[in-house]
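The values are calculated or read from the model by the stated rules, or taken from the named source; none is laboratory data. Quick caveat: nothing in here was measured; it's all calculated off a predicted structure. In this analysis, Cβ positions are derived from the backbone assuming ideal geometry, glycine residues included, and neighbour counts consider all displayed protein chains.
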Amino acid sequence: MQDTKYQPSFMQSLVTFAAIVCVIGTGLFYLQVSLHSLMLICLLIAGLSAWRLSNDGFASIRRAMNSGINSALSAIYIFILIGVLIAAFIQSGTVAALIYYGLEFVSPAIFLPAGLILCSFMSVATGTSWGTVGTAGVVLMGIGELMGIPLPIVAGVVISGACFGDKMSPVSDTTNLAAMSSGTDLYSHIKSMLFTTGPAYIICLVVFSVMGMSYAQNSLPQEQLAQMLTGINSTYSINLLCLLPFVVMLILSLKKVSAEVAMFAAASVAVLLAVVMQGASFSTVLSALYGGGSFETGVDTLDQLFSRGGIASMMWTLSLALMALALGGILTGFGFLRTLIAGILVKVKRGASLVAATIAACFLGNMTMGEAYMSIILGGQLFGDAYDKAQLDRSVMSRSLEEGATLTTALIPWTTGGAFFATTLGVSVLDYAPWALLNWINPILSIVFAYLGIALFKAAKTSTDAVNTQQKPQSSESVTTGVQA
């Protein structure tokens, strides 16, 4: 059934978006109102704007909201499973063991760059930034806090590394989705991203290495370190077997088992270890999977760290994500975003401007739809012909979609990614965003490179074109400047 009588005008779309951005910006930065309340107002604004376009009033609007939520059901399942996984890892001693070994062997001077590399490797191997943040990220936050390193900086390191893998891994859903939406080969897409993500990652590694040196003197005093290690040993039985749930999840992810199955299997192993090795009762562990655990180690910092996780801890994030996805469903279903982007696209004439417009449109899509998947799919639909007309290879578009959508979702408090990262790491998006260096350096660097004519790969010429121009076809990889920057 067609839900709309006609498409919104460019002006109506612009006013609707401006009102939503104004409400969120004013409420969040100046009035400090709850994000949930702001999203409710935005839903009202979008609903009223869509009302005059709908065929059957609220029924059409409800269908659009349902469609927005339905498009990200897999993310909702993962929300719940991450809460379960964190609680299970805490009950089994997996988190405690990683912190124990980290305190003994990791120096504060190398903690930041080492954390970036660890999260990068894990996310490349598993293809998920959420799984990386929910496991290695939680551990690094605990170690960083004990070492006296500001938590927003540690969170920025974790998210930079996690998003690097989510963007570059061949088993990542966003990586495959961007390639598919752009009509390009997966490995051509990854190779194209190396030209912009590689330099951005090196910059981040250097910056974090320099910053880490300033915390070289932050080593815990021997008395405090001994107290921490004693607190862990008095609460858990620590040995290498504690790391088994973490290893199980990593192996299953490497074997390309779905994220939900890998997380559930790892949590199941963790529950078994909690009962058999840590001596916890089965009922206590099961209760912790919902409400989190409660520990008394004698060290307040450890008590707070170990009293986390559980399904209940994810409800704030989940409820916000549902509202944001419903809003995105209205804006997408009634054509507001499509109309706005199409109106802007008409004015884009140059290759570099097209890259900038793609990244900006995906960022706008994340702000209004709350989910990177939707921004990538819509961007692929809207920008494909423009890249063909500009004679740019589709791998340039797929790269730009990821840089505008996959990376920026972590920088927006009300997206599924931003809300999840903030809840899991215990640091607000606004606090960690300046330190999530890769997430904003990479898109900026990509735009700068485009205007400098770097990595603007030209589309390979057809045989007909080659005859007409009396030139041999060139592969997209061998050309670094395709259109006027």
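Listed values, structure above:
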quantity: Region 50-102 - residue that is in a helix (DSSP H, G or I), of a type in the set (Gly, Ala, Ser) and more than 30 Å from Leu240 (Cα to Cα) and, of those, farthest from the chain's Cα centre (by Cα); calculated: Ala59
quantity: Checking Gly418 against (1) within 18 Å of Asp173 (Cβ to Cβ); (2) touching a residue at least 24 places away in the same chain (Cβ under 8 Å); (3) crowded, with 23+ Cβ neighbours inside 10 Å, the condition it does not meet; calculated: (2)
quantity: Leading residue by the ranking (farthest from Phe306 (Cα to Cα)) among those in region 103-129 that are in a helix (DSSP H, G or I) and among the β-branched types (Val, Ile, Thr); calculated: Val124
quantity: One residue from Leu151, Leu177 being in contact (Cβ under 8 Å) with a residue 12 or more places away in the chain, within 18 Å of Thr406 (Cβ to Cβ), surrounded by fewer than 24 Cβ atoms within 10 Å (Cβ to Cβ) and out of contact with any strand residue (DSSP E or B) (no Cβ under 8 Å at 6 or more places or on another chain); calculated: Leu177
quantity: Residue, surrounded by the most Cβ atoms within 10 Å (Cβ to Cβ), within region 297-321, restricted to residues that are under 17 Å from Val95 (Cα atoms) and without any contact (Cβ under 8 Å) to a residue 12 or more places away in the chain; calculated: Asp303
quantity: Scan of region 1-37 for residues that are surrounded by 14 or more Cβ atoms within 10 Å (Cβ to Cβ), without any contact (Cβ under 8 Å) to a residue 40 or more places away in the chain, among the hydrophobic types (A, V, I, L, M, F, W, C) and part of a helix (DSSP H, G or I), ordered by number; calculated: Val15, Ala19, Val23
quantity: Condition check for Asp166: at pLDDT 85 or above and acidic (Asp, Glu); calculated: yes
quantity: Test for Ser313: is it under 20 Å from Leu14 (Cα atoms), of a type in the set (S, T, N, Q) and modelled with pLDDT under 85; calculated: no
quantity: Hey, Gly310 under 23 Å from the mean Cα position of the chain (by Cα), of a type outside the set (Lys, Arg) and under 18 Å from Met141 (Cβ atoms) or not; calculated: yes
quantity: The one condition in (1) surrounded by fewer than 24 Cβ atoms within 10 Å (Cβ to Cβ); (2) at positive phi that Ser353 fails to fulfil; calculated: (2)
quantity: Count - residues of region 323-358 that are of a type in the set (A, V, I, L, M, F, W, C) and either assigned to a loop (DSSP other than H, G, I, E, B) or under 21 Å from Leu425 (Cβ atoms) (or both); calculated: 4
quantity: Top-ranked residue of region 61-110 - restricted to ones that are over 26 Å from Ala262 (Cα atoms) and free of Cβ contacts under 8 Å to residues at least 60 places away in the same chain, ranked as surrounded by the fewest Cβ atoms within 10 Å (Cβ to Cβ); calculated: Phe105
quantity: In region 359-393, residue surrounded by the fewest Cβ atoms within 10 Å (Cβ to Cβ) [restricted to those that are outside any helix (DSSP H, G or I) and at pLDDT 80 or above]; calculated: Gln391
quantity: Some residue of region 404-412 being at pLDDT below 90, crowded, with 21+ Cβ neighbours inside 10 Å and part of a helix (DSSP H, G or I); calculated: no
